[in-house]
1. Which numbered condition in (1) at pLDDT 80 or above; (2) closer than 21 Å to PHE21 by Cβ; (3) in a strand (DSSP E or B); (4) open to solvent by 70 Å² or more (accessible area, probe 1.4 Å) is the only one that TYR132 fails?
2. Does region 102-129 hold any residues that are over 19 Å from PRO197 (Cα atoms), open to solvent by 60 Å² or more (accessible area, probe 1.4 Å) and at pLDDT below 80, and which are they?
3. Considering region 216-236 alone, what residues qualify as being at pLDDT 90 or above and in a strand (DSSP E or B)?
4. Return yes or no: is SER167 surrounded by 16 or more Cβ atoms within 10 Å (Cβ to Cβ) and polar (S, T, N, Q)?
5. Which one of the conditions (1) modelled with pLDDT of 65 or more; (2) more than 21 Å from the chain's Cα centre (by Cα); (3) surrounded by 12 or more Cβ atoms within 10 Å (Cβ to Cβ) does LYS96 fail to meet, given that it meets all the rest?
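The values are calculated or read from the model by the stated rules, or taken from the named source; none is laboratory data. Predicted, not measured: the structure shown is a model, and the values here were computed from it. FYI the Cβ positions are ideal-geometry reconstructions off the backbone, even for glycines, and counts take in every protein chain you see. We work out accessible area using only protein heavy atoms, side chains counted, and drop any ligands, DNA or RNA first. Shrake-Rupley method; radii C 1.70, N 1.55, O 1.52, S 1.80 Å.
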Amino acid sequence: MAFQHVYSHAAAPAVEERPTFDMKHGERSFVLNGVKDVGALELQSPNMEFQLRKYSKEDGRYRVDFEPRGEEHVVDVKYNGKHLEGSPFQLKPAGKPSLDVQSDSKRFLVNGAFNQDALNVQGSNGVAYDVYANREVPGQYRVDFFPQGNGEHQFDVTYNGEHVEGSPFQVKPVAALPAPVMSMSPDRKVMSFQHVPHAKQKLEIDSTAAYQMFEDKQDPNTAHVLLETGDQNVHRVKASYNGKEIEGANFYLA
């Protein structure tokens with residue numbers, strides 16, 4: 001009896017591509033690479049919050065911001081129910097946020113405030129201020145303030161209900177800003193306004209032409225308005241600050 005020799009080639013099992021994470025990204029964050037299914041990702045640690053956000057336009061890259069509190073924490077990073085390489089790992093508690101205040105400046109920095117919801121800034125005696133998050137430095141915020149009037153002003157900066165290092169502190173009032181001043185570019189397409197802090201909230205533009213407003217990157221008291229007058233119509237433009245019309249800012253533009 002003759003037998004035919006048949007070869008059987010078993011296919012090699014497919015190797016699952018597993019995400020990886022890089023703890024060198026920052027003091028209170030790490031980067032996940034190769035995450036194809038966010039729903040399969042698990043981040044677990046007792047009494048600790050995680051914030052997952054897209055890290056770049058590249059698919060599968062995410063940044064995880066975290067804030068350990070109290071004792072050391074063990075963090076589990078799983079994908080499809082399995083630990084990633086390097087997981088679990090331990091985190092030490094974060095120190096308290098601190099302030100960087102310069103006496104001759106109208107701004108200060110808050111460092112180490114990784115949970116925005118836990119940060120609270122309060123100024124006394126009607127001092128105006130704006131808070132900006134630094135997108136390039138996790139946990140850092142810049143506070144621009146404009147103390148005016150008589151008497152000193154006090155800032156209370158708390159985190160999770162407790163004063164941060166350096167809070168409270170006092171700032172001296174400065175002379176009131178001069179009246180707003182407007183200037184036009186030679187092509188009459190850009191209006192520039194000086195002495196207009198908090199322009200996005202207080203500077204009002206009444207125009208039949210479309211426009212875009214943006215604050216000056218170097219001077220927080222200066223704003224610019226780009227007028228879009230591409231049609232053949234005549235447009236009226238009017239600008240006011242704090243409800244008062246700005247001198248010279250009521251005109252027609254072709």
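1. Among (1) at pLDDT 80 or above; (2) closer than 21 Å to PHE21 by Cβ; (3) in a strand (DSSP E or B); (4) open to solvent by 70 Å² or more (accessible area, probe 1.4 Å), the lone unmet condition for TYR132 is (2).
2. Selection gives GLN102, SER103, GLN116, ASP117.
3. ALA223, HIS224, VAL225, LEU226
4. Numbers: surrounded by 16 or more Cβ atoms within 10 Å (Cβ to Cβ): yes; polar (S, T, N, Q): yes.
Criteria met by SER167.
5. (2)
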